[in-house]
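Student: Please read through the structure below; I'll follow up with questions.
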Amino acid sequence: MSRSLIDSARKTLSDIEASGTFKRERLIYSPQSAIIRTRDTGGHEQEVLNLCANNYLGLADNPRLIETAKAALDSHGFGMASVRFICGTQDLHRRLEERTAAFLRTEDAIVFPSCFDANGGVFEALLGKEDAVISDSLNHASIIDGIRLSKAQRFRYANNDMADLEQQLIEAKDCRHRLIVTDGVFSMDGIIADLPAICDLAEKHDALVMVDDCHATGFMGERGAGTAEMLGVEGRVHILTGTYGKALGGASGGYVAAASPIVDLLRQKARPYLFSNAVAPAICAAAIEAISIAEQATDARRRLHDNAGRFRAGMSAAGFTLIEGQHPIVPVMVGDAAKAAQLADTMLRHGVYVIAFSYPVVPEGKARIRTQMSAAHTPEQVGRAVAAFTQAGMEHGIIG
Ligand SMILES: *Cc1c(COP(=O)(O)O)cnc(C)c1O
């Protein structure tokens with residue numbers, strides 16, 4: 001019995017390998033940063049420019065966050081050894097929730113071990129079989145899984161397609177509650193959800209709006225409060241989910257920010273909250289500090305968006321096809337999966353670390369290198385990345 005499972009695992013692994021989608025993890029020997037230390041195939045240490053972290057504000061190795069986390073280790077200990085409702089809630093957990101709600105201008109917030117868990121728990125706790133959840137077809141895996149775990153009726157609309165969303169709202173009209181859910185930013189494309197139109201449709205059809213802002217919190221919008229702020233619909237979005245594991249220091253933890261009764265109900269019923277250990281105190285303390293830094297990070301946000309603009313302009317001028325947009329996720333389109341993988345390998349030889357994405361993560365024939373800019377990158381580094389792409393792109397016949 002166990003033998004046959006091991007055999008079939010081996011077979012599946014070789015199928016994955018044969019299809020060219022086997023994921024190998026590169027070891028990094030330095031903190032996460034603009035420049036990271038890794039090793040080449042010969043085992044020699046090399047320093048490479050990193051274009052694939054979600055380290056948008058460059059806080060992953062921020063000295064103030066490291067100091068704050070160290071101080072919290074001394075004052076609050078290493079771990080909680082308990083879920084929140086038994087004996088796992090410290091003042092730090094509650095302060096992080098209050099800080100998050102104040103930053104996002106919601107009544108309250110609740111911290112989960114990750115945003116994957118926040119999305120995994122939110123639907124089942126809030127919706128029943130009389131209700132409908134209407135989900136963008138490109139939403140993150142955690143939203144898809146969270147919806148699967150709930151008893152709500154499921155409706156799906158084509159990515160950012162408002163006519164289709166309205167059609168689904170009409171089909172769901174007899175349901176008790178209708179919840180529209182979308183990523184604020186679609187992570188493979190760097191495209192921003194059409195929140196003003198979504199909010200208009202929600203109001204027209206008496207629906208609620210939930211936005212997962214993992215790729216926006218901290219750096220999109222004037223205050224860094226995310227896509228709702230950027231697009232002028234703060235207060236019209238009812239449920240926000242997000243992560244402390246990307247721009248806000250990049251450690252771990254996720255949240256749901258919403259009206260108090262929604263947060264209170266999640267505290268009673270959300271299973272990833274009830275049955276998983278509390279986030280470590282040092283991470284909570286540093287996340288509070290990360291929000292304070294992000295609130296004041298006007299300069300870092302400007303650097304980030306300048307870098308994205310500079311990279312987009314340089315790459316377009318070099319002849320690459322990008323997905324147009326205004327987000328620091330900049331997809332460099334290649335098409336063929338094998339070619340995208342080869343381009344990434346060549347880039348590493350040129351000292352720039354990038355990752356190729358292909359089917360099934362993106363549609364077939366739409367393989368790409370997804371680059372991500374950071375406020376930690378210097379203009380010189382962005383120029384170096386464009387030069388490396390230009391050289392590698394010519395080597396592979398991707399540009400002329
Ligand atoms: C990264 C991401 C998540 C998961 O966040 P974690 O806190 O790392 O679990 C959820 N949703 C979206 C849209 C994401 O990009």
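Student: Please compute the Cα-Cα pair-distance distribution of the chain with 20 Å bins starting at 0, giving whole percents from short to long.
Tutor: It works out to 26, 56, 18, 0, in whole percents.
Student: Another question, then. With everything on Cα atoms, drop me the angle between helix 260-269 and the longest principal axis of the chain, reported from 0 to 90° to the nearest 10.
Tutor: The helix 260-269 is inclined about 80 degrees to the chain.
Student: Ignoring everything except DSSP H segments at least 4 long, calculate the 222 nm mean residue ellipticity for the chain; use -39,500 (n - 2.57) per segment, divide by total residues, nearest 500.
Tutor: Roughly -13000 deg cm²/dmol at 222 nm, from the helical runs in the chain.
Student: Quick one: what are the phi-derived ³J(HN,Hα) couplings along the range 273-283, Karplus 6.51/-1.76/1.60 with θ = phi - 60°, whole Hz, x for glycine and proline?
Tutor: Calculated HN-Hα couplings, in order: 7, 6, 10, 9, 4, 4, 4, 4, x, 4, 6 Hz.
Student: Can I ask one more? Report the calculated FRET efficiency for Leu5 and Met188 (r = Cβ-Cβ distance, R0 = 25 Å), to the nearest 0.05.
Tutor: That pair, Leu5 with Met188, gives E of 0.20.
Student: Determine, for Ser142, Ser374, the number of other Cβ atoms within 10 Å of each Cβ, and report the residues in order from fewest to most.
Tutor: Ranking Ser142, Ser374 by Cβ neighbours within 10 Å, fewest first, gives Ser142, Ser374.
Student: Between 0 and 90 degrees, rounded to the nearest ten: what's the tilt of helix 63-76 against the longest Cα principal axis of the chain?
Tutor: It works out to around 40 degrees.
Student: Using R₀ = 56 Å, calculate the FRET efficiency as 1/(1 + (r/R₀)^6) where r is the Cβ-Cβ separation of Glu166 and Asp74; round to 0.05.
Tutor: After rounding, the FRET efficiency stands at 0.55.
Student: For the charge dipole of the chain, defined by +1 on Lys and Arg C-beta atoms and -1 on Asp and Glu C-beta atoms about the Cα centroid, which residue among His44, Ala225, His238 has the Cα displaced farthest towards the positive pole?
Tutor: Going by the Cα projections, it comes out as His44.
Student: Something else: Averaging sequence separations of C-alpha pairs under 8 Å and six or more residues apart, then dividing by the length of the range 177-302, give the relative contact order as a whole percent.
Tutor: Reported relative contact order: 20 percent.
Student: Please go through the range 1-46 and write out the trypsin sites (Lys or Arg not before Pro) that DSSP classes as loop and that have at most 13 other C-beta atoms within 10 Å.
Tutor: Lys23, Arg24, Arg26
Student: How far, in degrees from 0 to 90, does helix 195-204 lean away from the longest principal axis of the Cα atoms of the chain, to the nearest 10?
Tutor: For 195-204 against the chain, the angle is about 30 degrees.
Student: How big, on average over all directions, is the shadow cast by the Cα convex hull of the range 337-400, in nm²?
Tutor: 4.6
Student: Additional query: Say R0 is 51 Å: what FRET efficiency, to the nearest 0.05, do Leu27 and Asp174 get from their beta-carbon distance?
Tutor: Calculated transfer efficiency: 0.40.
Student: When a/c is below 1.5 the answer is rounded, else prolate if a/b is larger than b/c, else oblate, so apply that to the range 226-293 with a ≥ b ≥ c taken from the square roots of the Cα gyration tensor eigenvalues.
Tutor: oblate
Student: Over what distance in Å are the Cα centres of the range 313-336 and the range 167-237 separated?
Tutor: The two parts, judged by their Cα centres, are 25 Å apart.
Student: Another question, then. Would you order Ile369, Ile134, Ile399 from fewest to most other beta-carbon atoms within 10 Å of each residue's own beta-carbon?
Tutor: Ile399, Ile369, Ile134
Student: Please identify every one of the chymotrypsin sites (Phe, Trp or Tyr not before Pro) in the range 46-116 that sits in a loop by DSSP and has no more than 15 other beta carbons within 10 Å of its own beta carbon.
Tutor: Filter output for the range 46-116: Phe78.
Student: How would the range 1-126 be classified by its alpha-carbon gyration tensor: rounded, prolate or oblate, with rounded meaning a/c under 1.5 and the a/b versus b/c comparison settling the rest?
Tutor: Cα axes put the range 1-126 in the oblate bin.
Student: What is the dipole size for the chain, taken about its Cα centre, with +1 at each Lys and Arg Cβ and -1 at each Asp and Glu Cβ, in debye to the nearest 20?
Tutor: Dipole magnitude for the chain comes out near 800 debye.
Read-outs: derived from the displayed coordinates by stated rules, not from any lab. Keep in mind it's a predicted model, so treat the numbers as computed, not measured. Every residue, glycine as well, gets a Cβ built from its backbone with ideal geometry; the counts of neighbours run over all protein chains shown.
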